[in-house]
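Scroll down for the structure; my scribbles are underneath it.
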């Protein structure tokens, strides 16, 4: 018995498991947590090739003529909102920076918004600066903290969310879906003993987002859930905010393609990008009811089904390049129809402004 006890104390397996649960090792062995550059550096030769094919470093701007910069960077959510079918989007009101409190309260009231609401910066990405607002105090605090123009949107409580990547060549009547990502919100299950904070710390996914969740929920993380009770701790369908992305591309079929095709044709000058959709059920979605378009992303949209933990980095690189090839062809076709590329100077200004906006967005996300 003593030998076994001594062996148990020296057994490296529990220590190894604890090490693998540390964020450093989780990130090391799961590329989905790697920084942007560590993934996209492998695609750089392909991007240069497409630039040469289009004879422009900024060809992406012609992929969606109705969206600023084609939707790669610096596009305004308000401008995109304005071209989306009004019957397919949540009630939304846009505010310029430094809007006073009375105007904010009056604006959301006149728009018929009710709590909870969603606050979003007008220029953003990866869920930065997005926040659920559950009271007038939180709404006004969000408006006061804003460093960019922002909009307030009605929160949609449908439980299903997907991202549908779609493209259509300008000379064709029908488009195609190239991938579907399902989004599983970050959720924990109570055991009647541990706090939300401890449950997240013990969860291999939750621990990766613990700092941002601490900032988001603060003292609420001390709540102890009853045994068996599940709680969504991050209701954002964004990988950077904790959602697990699952590849649902096997759900692509003619019926869904027809639904998305019909929607896209109602959006002038849109040919390439991803619809983020919340809906009640798959049957309702195919019947074109009980769903809303949360966002439309253009040239900067990622084929986010690649983040499914089952997929390798090689698969991700291949999917990125495949979609860039489609975007380049669309941009070249639009360019031949008269859509201009930015000049080199204009292109540099696009990226310079994006860096400035990123700094403001980071301050808004703190």
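The values are calculated or read from the model by the stated rules, or taken from the named source; none is laboratory data. Every value quoted in this text rests on a predicted model; they were computed, and no experiment measured them. Here the Cβ is made from the backbone with ideal geometry for all residues, glycine too, and neighbour counts use every protein chain on show.
Six or more apart or on different chains, Cβ under 9 Å: which pairs go from a residue in the stretch 302-329 that's on the phi > 0 side of the Ramachandran plot to one that's crowded, with 19+ Cβ neighbours inside 10 Å and assigned to a helix (DSSP H, G or I)? Could you list them?
The qualifying pairs do not exist here.
Do you know which of the residues in the stretch 35-55 that are in contact (Cβ under 8 Å) with a residue 60 or more places away in the chain and within 23 Å of the chain's Cα centre (by Cα) is nearest to residue 329 (Cα to Cα)?
Applying the filter and picking the extreme gives 47.
Examine the stretch 240-253 for a residue that is within 30 Å of residue 198 (Cβ to Cβ), over 19 Å from the mean Cα position of the chain (by Cα) and surrounded by fewer than 19 Cβ atoms within 10 Å (Cβ to Cβ), and state whether such a residue exists.
no
Can you confirm whether residue 228 is more than 19 Å from residue 197 (Cα to Cα) and assigned to a loop (DSSP other than H, G, I, E, B)?
no
Pick from the stretch 282-314 the residues that are assigned to a helix (DSSP H, G or I) and touching a helix residue (DSSP H, G or I) at 6+ places or on another chain (Cβ under 6 Å): which of them is nearest to residue 29 (Cα to Cα)?
313
Which one is modelled with the highest pLDDT among residues in the stretch 63-80 that are part of a helix (DSSP H, G or I), buried (at least 20 other Cβ atoms within 10 Å of the Cβ) and on the phi < 0 side of the Ramachandran plot?
Only one residue fits best here, namely 80.
Would you check which residues across the stretch 332-345 are assigned to a helix (DSSP H, G or I) and surrounded by 13 or more Cβ atoms within 10 Å (Cβ to Cβ) and list them?
Within the stretch 332-345, 332, 333, 334, 335 qualify.
Name the residue, out of 270, 279, 291, 351, that is under 24 Å from residue 128 (Cβ atoms), buried (at least 18 other Cβ atoms within 10 Å of the Cβ) and either under 21 Å from the mean Cα position of the chain (by Cα) or modelled with pLDDT under 95 (or both).
Selected residue: 270, the only one of 270, 279, 291, 351 that is under 24 Å from residue 128 (Cβ atoms), buried (at least 18 other Cβ atoms within 10 Å of the Cβ) and either under 21 Å from the mean Cα position of the chain (by Cα) or modelled with pLDDT under 95 (or both).
What do you reckon, is residue 326 in a helix (DSSP H, G or I), crowded, with 17+ Cβ neighbours inside 10 Å and in contact with a strand residue (DSSP E or B) (Cβ under 6 Å, 6 or more places away or on another chain)?
yes
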